[in-house]
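Below: one structure, written as structure tokens.
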Amino acid sequence: MRRRPWLVLLPVCGLLTAGPVVGAVVLAGVAVFVWRSAGGASARRCSAADAQLPTLLEAIARHLRTGGSLTEAITAQQPGQELADAWAAVAAGAPHVGVVAALDGWVAANDRPPVRLAAAALVLAAETGGSPARAVDGVAATLRARAAVAGELRALTAQARASALVIAVSPIAFALVASATDPRTRAAFHTRTGTTLVLAGLALDALGAWWMSRLCRFGALP
């Protein structure tokens, strides 16, 4: 994650301007933000890996059309960096434990809907015969369409997410600036009533941020 010096300054400002209780609350909020940011980075890596699945399945389907076996098609693929490590385990295991077992291990280690769908198509191709290339191509088209819809949803909600962030952060920033520039506000924050009001405001602000985040995620693809 990128370095953000302001994450260190926020709890210090809260401690100096509004007292230890508010400083501790701001510190907890910063910790939650860092945790969520790390989760977001992991989600972006998973999304990048899932975006490579349609191309991977299409390459496997082409290999099958040339008369190669499914095991050969799997071991011949070299996907992009985000998917390479997970797929290397499948390619290494397929000749030894079988395609189905290798794919089961892949799903167990990467239990996401696109991975389950891709693995189900390949298992179907391994067990039923018939026209496996057509089935694999069909799933690749489905995954590509789902990725396009998900990208459109992210684009449509980008402004809403930015607005939610501004709405959630603005009251905290205003309170810190006001307490730093106005001695009367700073003194009010250090009273029991002021601390109670600040804590209540932070709780409501956190609740509003959580609700806006839920609204922005509403309609996301499973």
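The values are calculated or read from the model by the stated rules, or taken from the named source; none is laboratory data. None of these values were measured; they are calculated from a predicted model. Note that we place each Cβ from the backbone using ideal geometry, even for glycine, and neighbour counts take in every protein chain shown. SASA here: full protein model, heavy atoms, side chains in, ligands and nucleic acids out. Shrake-Rupley method; radii C 1.70, N 1.55, O 1.52, S 1.80 Å.
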Per-residue HN-Hα couplings for region 111-117 [Karplus 6.51, -1.76, 1.60; θ = phi - 60°; Hz; x = Gly/Pro]: 7, 10, x, x, 5, 4, 5
Phi to ³J(HN,Hα) by Karplus 6.51 cos²θ - 1.76 cosθ + 1.60 over region 156-162, Hz, x for Gly, Pro: 5, 9, 4, 5, 5, 5, 5
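For region 152-222, give the percent of accessible area contributed by carbon and sulfur heavy atoms, probe 1.4 Å, rounded to a whole number.
On the way: 3750 of 5200 Å².
Looking at region 152-222 in its full context, I get 72 percent from C and S.
In debye to the nearest 20, how big a dipole does region 35-149 give about its Cα centre with +1 on each Lys and Arg Cβ and -1 on each Asp and Glu Cβ? Walk me through the numbers before you get to the answer.
On the way: 10 positive and 9 negative charges, 78 e Å.
Rounded to the nearest 20 debye, it is 380 debye.
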